[in-house]
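The values are calculated or read from the model by the stated rules, or taken from the named source; none is laboratory data. Keep in mind it's a predicted model, so treat the numbers as computed, not measured. Here the Cβ positions follow ideal geometry from the backbone for every residue, glycine too, while neighbour counts run over all protein chains shown.
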């Protein structure tokens, strides 16, 4: 515990400096104080904590990451309620995020359709910690696509939080691409509320970082909406990726689809924990969940736990998880076309991952990811 | 002789299915292997193509003077053995033209011949697609993904056209095809038939043989060839049914 304390003391110095330098409204200052206090008390989630039992962040949080002490001021008066709603007491990371949060606000005005994707990216420098906190508000009847990218070129610590509000009859497509450098440490939390008759489609790609953790929580707060919460993690070397997801049906007649796929090579390791809640009054719920994993090496490992918790009878739900190798029949087909075994395996692996990547409707991002996946598999597919 | 199967015993999961099969196939010939379900037709196709789940217990398969059984499935393919699948596999994200070019170039490389770049290959592919009346729109689509049963089979024949095998094994290619698709597939095979290659049609029904006339018909029952003849044997079989062959062999 003494080691733990030392780390928090380091952040305390940074926190005090940041608080001094910033000219922020009182509510925000005190909210940050509160969050920091929580962090000081609880520390990082290391040791015996159920939600973190397969993911050991200890070596990463023990490192010294420098924190920017200059806080850029942004006007948050219109989004104060949303910021206050952020569940910073989720864990030490979310608390620390709010304490140091650098806010970015994206508002899609009422009844506005934005064709061009809105792209935001975050790049941490060598040995720095960054704390982006993005607020995305899709107002009533609006339509937009957000691309959120994390691409630190060096060994950095990204501790991100994103709050999304999908208004009534709004449609939001949300791509989250985590392609940090192979040495990076990445923790992110996404909180989404989905309003009436709206559509939220998220695709979460995790191919970077030495260790990454993403918590995503999507909550239906009004009836008649649909959400996709899909993802791909593709890992090699000793990469570790952990996804914890919650899809919460608190109201009737909503549909959720979850399709997460994993490709694990070498000694990599992945965790998928997906909870779907169907609350007592959430009749007419349709919830589908799937997590399929492809292990390319005997030393790779995945811990998957899809969970359905249903408190209503009038629902249609399914869930399942698989962990396996490539299908022998599929491999045989490619071999009989004269493709060497290695190439055949890699093409099928690419095909497996492609089911998620092809969802990405922004051509440049899709091509970039295709290339990243093909490069990793050492396949050349020219058109 | 292009292919010589001698006293082949083979099976799967420890169960012997082929029980002493003999077959000789030469260039320029079309052979039909017919038989009821469970007779070993499919096992023969899989063993020739090199499916890893099937084990050869004894016997020989000589292809162009070499022991075919020693070669891996991909080596067999590059040496000119092709099998059209009953249930072709889908490969998402890899377009038909990319896939075919990879396969084509692997074969070229193997034979020390020049590989084609995407532009050159697409011209080549367009020519070949005429064989099965395939719309070039299919080149861009992922291999077999979302294809109807008929389109998948046409795609198999397109692959055959591109890879120009010396020995093509068509495993139940007629199954699940409507009459139009069957005609297109059969005409494709007829166009590819030449004095330089041999085709083995593995089929349960005589229907396909109305379109592709075989030089030889072999009837398989209980892991052995029990009757052989010309194309008229297929017709006789259709009329009398497989029970006729079984009873004729005292089975």
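Computed quantities for the displayed model
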item	result
Residue in segment A:293-301 that is assigned to a strand (DSSP E or B) and within 14 Å of chain B (Cβ to nearest Cβ) present	yes
Residue in segment A:155-175 that is closer than 21 Å to residue A:373 by Cβ and touching a residue at least 60 places away in the same chain (Cβ under 8 Å) present	yes
Which listed residue is in a loop (DSSP other than H, G, I, E, B), touching a strand residue (DSSP E or B) at 6+ places or on another chain (Cβ under 7 Å) and surrounded by 17 or more Cβ atoms within 10 Å (Cβ to Cβ), from A:94, A:55	A:55
Within segment A:120-137, considering residues that are in a strand (DSSP E or B) and in contact (Cβ under 8 Å) with a residue 60 or more places away in the chain, the one surrounded by the fewest Cβ atoms within 10 Å (Cβ to Cβ)	A:128
Test: residue B:132 is buried (at least 16 other Cβ atoms within 10 Å of the Cβ), more than 14 Å from chain A (Cβ to nearest Cβ) and touching a strand residue (DSSP E or B) at 6+ places or on another chain (Cβ under 7 Å)	no
Leading residue by the ranking (farthest from residue A:155 (Cα to Cα)) among those in segment A:104-119 that are part of a strand (DSSP E or B) and out of contact with any helix residue (DSSP H, G or I) (no Cβ under 7 Å at 6 or more places or on another chain)	A:113
Within segment B:163-176, tally of residues that are away from chain A (no Cβ under 14 Å) and either more than 16 Å from the chain's Cα centre (by Cα) or surrounded by fewer than 17 Cβ atoms within 10 Å (Cβ to Cβ) (or both)	2
Failed item in (1) more than 14 Å from chain B (Cβ to nearest Cβ); (2) in contact (Cβ under 8 Å) with a residue 40 or more places away in the chain, with residue A:311 passing the rest	(2)
Segment A:329-338, subset assigned to a helix (DSSP H, G or I) and under 13 Å from residue B:77 (Cα atoms), residue farthest from the other protein chains (Cβ to nearest Cβ)	A:334
Selection from segment B:88-127 of residues that are at the interface with chain A (Cβ under 9 Å from one of its Cβ atoms), surrounded by fewer than 14 Cβ atoms within 10 Å (Cβ to Cβ) and in contact (Cβ under 8 Å) with a residue 24 or more places away in the chain	none
Filter result (in a helix (DSSP H, G or I), without any contact (Cβ under 8 Å) to a residue 60 or more places away in the chain and under 23 Å from the mean Cα position of the chain (by Cα)) within segment A:339-371	A:350, A:351, A:354, A:363, A:364, A:366, A:367, A:368, A:370, A:371
Residue within segment A:71-81 that is assigned by TED's automatic domain parsing to the domain that holds residue A:134 and over 30 Å from residue A:140 (Cβ atoms) present	yes
Scope segment B:46-61; condition over 21 Å from residue B:165 (Cβ atoms) and facing chain A (nearest Cβ under 10 Å); matching residues	B:53
Failed condition for residue B:196, given (1) surrounded by 21 or more Cβ atoms within 10 Å (Cβ to Cβ); (2) modelled with pLDDT of 90 or more	(1)
Leading residue by the ranking (surrounded by the fewest Cβ atoms within 10 Å (Cβ to Cβ)) among those in segment A:140-149 that are in contact with a strand residue (DSSP E or B) (Cβ under 6 Å, 6 or more places away or on another chain) and under 20 Å from residue A:113 (Cβ atoms)	A:143
Where residue B:53 falls short, out of the listed (1) surrounded by 15 or more Cβ atoms within 10 Å (Cβ to Cβ); (2) in contact with a strand residue (DSSP E or B) (Cβ under 8 Å, 6 or more places away or on another chain)	(1)
